Amino acid sequence: MPPQPIHGLLVLDKPGGITSRGAVDQALRWLPRGTKVGHTGTLDPLATGVLVLCVGPATRLTEYVQDLPKTYETTIRLGVRSDTDDADGTITPVSGAVAPTPERVRAALDPFVGEIEQVPPTYSAAKLSGERAYDRARRGEDVSLTPRRVRVNRIEVLGYAYPELRLRIDCGKGTYIRSIARDLGARLGCGGYVDVLRRTRVGPFTPEQAVPLDADAAAALARLLPPAAAVAHLPRISVNEACARRLRNGSPLWPPSELTVSPRGSEWAAFDPAGELIGLVVRDEMDRLSPVKVLPG
């Protein structure tokens, strides 16, 4: 029999100075040639921290990890602007910038918490007419991006001594910390950019689970997490072997009694009797449990 494909999640602690794609390329040396790998949320080259990789068939679960809440710790430098909104860009001091008081900084942060409209940085992977914004910006073209709705759950001030402001930010998918730094600087009238950025959490995943990039293949694969870790935040249902076969074949099931009160469209992680993740099921318009994502058995 052919060997089973490597299947699960790897957590990296991305160092600064490399792209997320570069971190994936380093991880590929641990895996057999041809193994599919996808990362679940880009970190800029300047940024460090948690980067979750989906490996093998677990790449089907990438979107579930991408949707998880994230925590960042950042140092914002005030009194200056950057064309990339971070320390990797061209830095321009703001003439006449005045150090805002701690009270003014805290008051200026309040509007950034909740559901907010945010314009991505000009140098970002956001798409404009099908092309990455950073590609247009690097050619010197004007880039005008439309605001996006994102969620910021919490901003905590960790320290402030002008021009440095340290924050911890809990936020949802698609939030740009660089945009918060830029917009905060504009609100304060002194400019601002991200000087240091570290992602300290993606859902339940933390740096303590990370595989060092200098690890060998055996050590790296010993840290492989099961695919179910990607959907641990979803309610779960266990089914018998016959039902597991039906789901793996793409056939719907009538739900057990405890799920009949769940709303239509609600999603569940389905497991077989051995505790292996079968995939994701949703209660459809006929009140059945229909598979929407199925993993190999």
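The values are calculated or read from the model by the stated rules, or taken from the named source; none is laboratory data. Quantities reported herein were computed from a predicted structural model and do not represent experimental measurements. Cβ atoms come from the backbone with ideal geometry, glycine included; neighbour counts cover every protein chain shown.
General observations
- The criterion of at least 3 residues that are farther than 25 Å from Ala23 by Cα and assigned by TED's automatic domain parsing to the domain that holds Thr122 is met, among strands (runs of 3 or more DSSP E) falling completely within the stretch 162-276, by 164-171.
- First in the stretch 76-105 and on the phi > 0 side of the Ramachandran plot, second anywhere and in a loop (DSSP other than H, G, I, E, B) and not hydrophobic (A, V, I, L, M, F, W, C), Cβ under 6 Å, 6 or more apart: Gly79/Pro163; Asp85/Pro121
- So Tyr162, is it at pLDDT 95 or above, in contact with an Asp or Glu (Cβ under 8 Å, 6 or more places away or on another chain) and aromatic (Phe, Trp, Tyr): no
- When Gly49, Gly22, Gly16, Gly34 are screened for being in contact with a helix residue (DSSP H, G or I) (Cβ under 7 Å, 6 or more places away or on another chain) and either without any contact (Cβ under 8 Å) to a residue 24 or more places away in the chain or assigned by TED's automatic domain parsing to the domain that holds Arg223 (or both), only Gly49 passes.
- Among the residues making up the stretch 151-177, those that are out of contact with any Leu (no Cβ under 8 Å at 6 or more places or on another chain) and within 22 Å of Arg81 (Cβ to Cβ) are Val152, Tyr160, Ala161, Ile169, Thr175, Tyr176.
- Residue within the stretch 21-33 that is surrounded by 15 or more Cβ atoms within 10 Å (Cβ to Cβ), assigned to a strand (DSSP E or B) and of a type outside the set (D, E, K, R) present: no
- Residue within the stretch 91-99 that is crowded, with 20+ Cβ neighbours inside 10 Å and of a type outside the set (Asp, Glu) present: no
- Note on the stretch 43-81: residues that are more than 26 Å from Arg33 (Cβ to Cβ), part of a strand (DSSP E or B) and over 12 Å from the mean Cα position of the chain (by Cα) total 9.
- Consider the stretch 185-213 and keep the residues that are within 23 Å of the chain's Cα centre (by Cα) and farther than 20 Å from Glu73 by Cα. The one that is modelled with the highest pLDDT is Val211.
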